[in-house]
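Note sheet for the following structure.
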Amino acid sequence: MWFPRLASDRSLRARPAEGPFALALTQENAERIHCLSAKAERLGLQRGMTMADARAYCPDLVSRPADLPGDSRFLAMLARWATRYCPWVGLDGADGLVLDVTGATHLAGGESALLADMRQRLARAGLSVRLGLADSRGAAWALAHWAEGIAPKGHVRDVLAPLPVAALRLDAPVCDALRRLGLQTVGALMATPRAPLARRFGPALMQRLDQALGDLPEAISPQAEAPHYGIRLTLPEPIGRTEDVMAGTARLLDRLCARLKAQDSGARVLELTLRRVDQASQTVELRLAGPMRDPARILPLFRRGIEAADAGFGIDQLRLEATLAEPLPPEQITRAGPARQGAALDDLITRIGTRIGLENVQRFLPADSHIPERSFLIAPAAFSRPEGAWVSPRPRPLRLFAPEPVTATAPGPQPPRQFRWRRMALATARATGPERITPEWWLEDAAWHSGLRDYWRIDTRQGRALWMFHTPQAPGWFVQGEFA
Amino acid sequence: MTAPPALRPGRVHEVGGPAAWAFAAVQAAQGRGPVLWLREAWLAEMPNPAGLAGFFDPARLLLAQTRNQTDTLAVAEEALRDGTVPFVVIDITQPLGLTEGRRLQLAARDGQATGLCLIPEGAGSNAAETRWLASPLYDPAPPSGGADSTLMRWELKKNKSGTSGLWDVRWDAATHRLDVVSPPGERPQPAGPPG
């Protein structure tokens, strides 16, 4: 199954356009045509042509930027759709599907009926497709790309013989070399002795030929279906009490956790959708501090969200989905170890997180910088592990704040004897320093525009020990921290 | 000299004064396990992990940033009742009523965790087990000759199950120990030059 115009068909399905149409993609320093419609092809445009040339040929060309990830998602969707014909569906390059319909054709009423059905359904969806059916994957590919149709059983050689050598999925240089030798068609290649060809072109050519003729097996790797963690419970009578909703959630959780356990994974984000009788629905989102699949531990975490939900005239459908799941391999059961302690802490972080937001429970991680406010990182505790060593060559203050200017009696590079800070008159008893810290010029930081800083620890006669700095390039004294 | 009494577990205590953070850090250093520090996100003053490292390993610290005091108290109650975190520091910005203070006490009793409220001046609650006033002192003769004196005066102003008192203490960062220092009048003066 080959979709020669997958990308442009997809774009036209979303937003139809009159006239010739092309998708542009920046390749080799120029905007080039990535994919184009049949109408544009008839006007003489081709793939790989620069958009400037194409517009010169065809002034009324409609173009849009190409979306490669979107195209591959679309192809995966088509692969899922194709499982309606047979269970064994694999992707073939960026614009093809390969189906192993062995034993499944009678369900559609024969091979030609199967192809007709495919063609009709895809045409209705607005996709142009070319189909080939043969005994081997290679032959089917050749038919799809070069001569649409069905190769009758046992007559693959006859069907392939008139096709050009490119039908064997060969690289362009190999095709050129074969053509230069006078081997234009597959039939000519089959008639040539194998050994000299293998010596000249390597084993890949013969392997491709054998695969097309069915002498060598070729596997189709079907796409594994991603596990789906969504479960629904529909009730004959609406419910409204918190306990009832909790009981319903417990049932759903049991089933969901069994499914998670079978996949060795744990839920990280859970979404409980409560649909009311009047069709309105509410979502309770639960973000967990760690992957989890123990229903008894998850259920109490839902209570707060369920209590806050408005039942209205009653709830008649519950749907629970693990929107984010992470691998969670089973662990050895110990009586009381660090693992147990960590699980309890994760539960607490989750519970706090439902109130203030999971990203507001944080921890400090050391960072590699001399700038005081950049010497640590603040990371959400649920998504980080404590790590790294805290080393500071000089004592650092216990609390840190944005620099606050002081009014000093005698400004200068030496610490002031007397100064006022936060409406307190303070007198310096001992000054330890200076420690010069220069700004990190490779980072833009408005706070460090006043240039380098000389940090001092000032012990005042009043008792408070302050972390002050002087900016020689823009004279002034500031307090940035306190040692208590 | 007797050492200042340790904070009773399963209760909520209060500390005020300019050296309240150092008091909290010393208390955290004397326990084990994680420390939860609750603060409102808008507050300008931030705990500095490099400074805390002189007291305890900052990897033990969890920081919860809340929107307002209501959230702070709710999270504090949750954490104290859970008991997984043995030491919870609560940065209070507005005076606590008796109800809130009592609820925190009950939560701490259930979870056997210790709570410590950092209170602004005069914002204590009557429900607190102890109330301390910590203020830094100028240390004319620090033991290591300079840079890292942490001399403080801890005043126990209210104690529901004991007497009040006053201690001058100094945190020894090298040995992670709290040294009690004699009051100023009785302190040995640095000896004059011989001869």
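The values are calculated or read from the model by the stated rules, or taken from the named source; none is laboratory data. Because the structure is a prediction, the values reported are computed rather than measured. All Cβ positions, even for glycine, are placed from backbone atoms using ideal geometry, and neighbour counts span all protein chains on display. Remember, those area values only see protein heavy atoms, side chains included, never the ligands or the DNA or RNA. Shrake-Rupley method; radii C 1.70, N 1.55, O 1.52, S 1.80 Å.
Using a 1.4 Å probe on the heavy atoms of the protein chains only, list every residue of the range A:348-380 that has 50 Å² or more less accessible area in the complete assembly than in its chain alone. With the partner chains in place, the range A:348-380 has these residues losing at least 50 Å²: A:L348, A:R351, A:I352, A:R355, A:I356, A:Q362, A:F364. Could you tell me what % of all Cα pairs in chain B have separations over 19 Å? Summing the P(r) tail past 19 Å for chain B gives 60 percent. Per residue of A:396-409, other chain Cβ atoms within 10 Å of the residue Cβ number 4 on average. Per-residue mean of foreign Cβ neighbours for A:425-433 is 2 (Cβ atoms of other chains, 10 Å radius). Between the range A:1-75 and the range A:94-146, the alpha-carbon centres lie 24 Å apart. For chain B, hydrophobic long helices are taken as DSSP H runs at least 18 Å long by C-alpha position along their axis with mean Kyte-Doolittle hydropathy of -0.5 or more; these are B:69-82.
When every alpha-carbon pair in the range A:394-484 is counted, what percent end up more than 20 Å apart? Value for the range A:394-484: 29 percent of Cα pairs lie more than 20 Å apart. Accessible surface for the range B:12-131, divided over its residues, is 33 Å² per residue with a 1.4 Å probe.
One decimal place: the segment A:L324-A:K261 gains 21.2 nm when fully extended, by the rule 0.36 nm per residue minus the C-alpha distance.
The longest stretch of chain A left intact once loop-based chymotrypsin sites (Phe, Trp or Tyr not before Pro) with at most 12 other Cβ atoms within 10 Å are removed from consideration, loops following DSSP, is A:1-312. Suppose the Debye formula is applied to equal point scatterers at every Cα of the protein assembly as shown; what is log10 I(q)/I(0) at q = 0.05, 0.07, 0.09 Å⁻¹? The Cα Debye sum returns log10 ratios of -0.46, -0.75, -0.93.
In whole percent, and with a 1.4 Å probe on the protein chains, what portion of the accessible area of the protein assembly as shown is carbon and sulfur? C and S fraction of accessible area: 53 percent.
Based on protein heavy atoms only, chain A ends up with 53 Å² per residue of surface accessible to a 1.4 Å probe. Overall, the ratio between the Cα radius of gyration of the range A:130-224 and 2.2 N^0.38 Å, rounded to two decimals, is 1.05. Between chain B and chain A, roughly 3800 Å² of accessible surface gets buried, counting both sides and using a 1.4 Å probe. Residues of the range A:349-388 with an amide N closer than 13 Å to a point placed 7 Å from the Cα of A:V269 along the Cα-to-Cβ direction: A:358-359.
Each Cα pair under 8 Å and six or more residues apart adds its sequence gap; the mean of these over the residue count of the range A:399-482 is a relative contact order of 32 percent.
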